[in-house]
1. Just for strands (runs of 3 or more DSSP E) wholly inside segment 27-125: which have at least 3 residues that are more than 19 Å from residue 307 (Cβ to Cβ) and not assigned by TED's automatic domain parsing to the domain that holds residue 148?
2. Please tell me if residue 81 is touching a strand residue (DSSP E or B) at 6+ places or on another chain (Cβ under 8 Å) and on the phi > 0 side of the Ramachandran plot.
3. Is one or more of the residues making up segment 360-373 in the same structural domain as residue 278 (by TED's automatic domain parsing) and over 22 Å from residue 214 (Cβ atoms)?
4. Provide a single number: the residues in segment 17-32 that are within 16 Å of residue 254 (Cβ to Cβ) and either in contact with a strand residue (DSSP E or B) (Cβ under 6 Å, 6 or more places away or on another chain) or surrounded by fewer than 19 Cβ atoms within 10 Å (Cβ to Cβ) (or both).
5. Only one of 89, 128, 168 is touching a residue at least 24 places away in the same chain (Cβ under 8 Å) and surrounded by fewer than 14 Cβ atoms within 10 Å (Cβ to Cβ); which?
6. Checking residue 78 against (1) surrounded by fewer than 21 Cβ atoms within 10 Å (Cβ to Cβ); (2) within 16 Å of ligand 1 (Cβ to nearest atom); (3) within 20 Å of the chain's Cα centre (by Cα), which single condition isn't satisfied?
7. Before we move on, is residue 364 modelled with pLDDT of 95 or more, farther than 21 Å from residue 275 by Cβ and buried (at least 18 other Cβ atoms within 10 Å of the Cβ)?
8. Go through (1) outside the structural domain of residue 22 (by TED's automatic domain parsing); (2) touching a residue at least 12 places away in the same chain (Cβ under 8 Å); (3) more than 25 Å from residue 334 (Cα to Cα) one by one and return the number of the condition residue 184 breaks.
Ligand code: FES
Ligand SMILES: [Fe+2]
């Protein structure tokens, strides 16, 4: 089945759920231990078994489009530097000077062919090679090859730069993304325009991620923002390995799809139905023609905290100053919705779970995507090479 045919089929299912007031659902409910959101030992295992081993989104290609562009950031508290080299390829390395450990570049974007350390002015190429030791005669002998920046495995695919935080742990990004890559490639994200980033602080990363996987909360938690656009508690799930495409029918789905031939339904995303794509373990993408939001959830220093970067891109750059101002306003609005509504609730949930009131939380049959997500986390933490991965 071609891509648009598959999407058309999902649109049809969403319409059917709307017409029958049903939703995609699991066979039973699922209980998850409340401690999965609060226990420091469990949290450490999630970081070491999942976040330190898997390819993670480090940047969108659109953030560093030109040779010399770079992005300095922190992922799980580790300072990293992602660069676009002169041959157009990307490099990722620890943003740490190999003289005495100074952070080389402050967080942010820029363009530089070489980086000079602010402490004693050693210089590095944007491929991480040590170019120059300051005042080498007085410094004395140093093996330059051994003092290059620490490289991290990196790959670019689907308009995203992927990095593994463990040096030497190489990955096959096509294999990792599987069918999710088709979605990204259909959009051609690498050619899009980077608009900006907003940062918010929230609860345990899984509480935050849970929110992207169900529309059960739309009516109660987003009465004036999302619910006017989308039905509450009607979802469609497709999985590609641990990644998911979650369909949310819009309240106008009948009229929108009724107005076009059935063969075209698959090409009408955002006109009758929307999708949230989740890329395990910590990314969710909401494509919308006005502005696309890529949420990057980064576990914080404690189980009860996460740092979320909302990265915004659009197909076309702003047309003029007015359009640019409108984009700024939209980024703030989307940040406020996630912060005030989702993370507002999420921080209360965190408090609730830390109170010890519950042994477990329960996900209903309707919260099927959450079942799959939690089953996947548990499967990875068991790390049993003979065990088959969970199925949706
Ligand atoms: S720590 Fe970077 S040059 Fe000394
Ligand atoms: Fe939400």
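1. Numbers: elements: 30-33, 56-60, 69-75, 78-84, 90-94, 108-111, 114-116, 123-125.
Once the strands (runs of 3 or more DSSP E) in segment 27-125 are filtered for at least 3 residues that are more than 19 Å from residue 307 (Cβ to Cβ) and not assigned by TED's automatic domain parsing to the domain that holds residue 148, what remains is 30-33.
2. On the way: touching a strand residue (DSSP E or B) at 6+ places or on another chain (Cβ under 8 Å): yes; on the phi > 0 side of the Ramachandran plot: no.
It is false that residue 81 is touching a strand residue (DSSP E or B) at 6+ places or on another chain (Cβ under 8 Å) and on the phi > 0 side of the Ramachandran plot.
3. Filtering segment 360-373 for residues in the same structural domain as residue 278 (by TED's automatic domain parsing) gives 360-373.
Narrowing the set further to residues that are over 22 Å from residue 214 (Cβ atoms) leaves none.
No, that holds for no residue.
4. Initially, segment 17-32 is screened for residues within 16 Å of residue 254 (Cβ to Cβ), giving 17-22.
From the residues that got through so far, the ones that are either in contact with a strand residue (DSSP E or B) (Cβ under 6 Å, 6 or more places away or on another chain) or surrounded by fewer than 19 Cβ atoms within 10 Å (Cβ to Cβ) (or both) too are 18-22.
Result for segment 17-32: 5.
5. Numbers: 128 fails: surrounded by fewer than 14 Cβ atoms within 10 Å (Cβ to Cβ); 168 fails: touching a residue at least 24 places away in the same chain (Cβ under 8 Å).
Of the residues listed, the single one that is touching a residue at least 24 places away in the same chain (Cβ under 8 Å) and surrounded by fewer than 14 Cβ atoms within 10 Å (Cβ to Cβ) is 89.
6. It fails just one condition, (2).
7. On the way: modelled with pLDDT of 95 or more: yes; farther than 21 Å from residue 275 by Cβ: yes; buried (at least 18 other Cβ atoms within 10 Å of the Cβ): no.
It is false that residue 364 is modelled with pLDDT of 95 or more, farther than 21 Å from residue 275 by Cβ and buried (at least 18 other Cβ atoms within 10 Å of the Cβ).
8. (3)
The values are calculated or read from the model by the stated rules, or taken from the named source; none is laboratory data. As the structure is a computational prediction, the values presented were derived from the model and not from experiment. Counting neighbours? That spans all protein chains shown, and the Cβs are built from the backbone with ideal geometry, glycine included.
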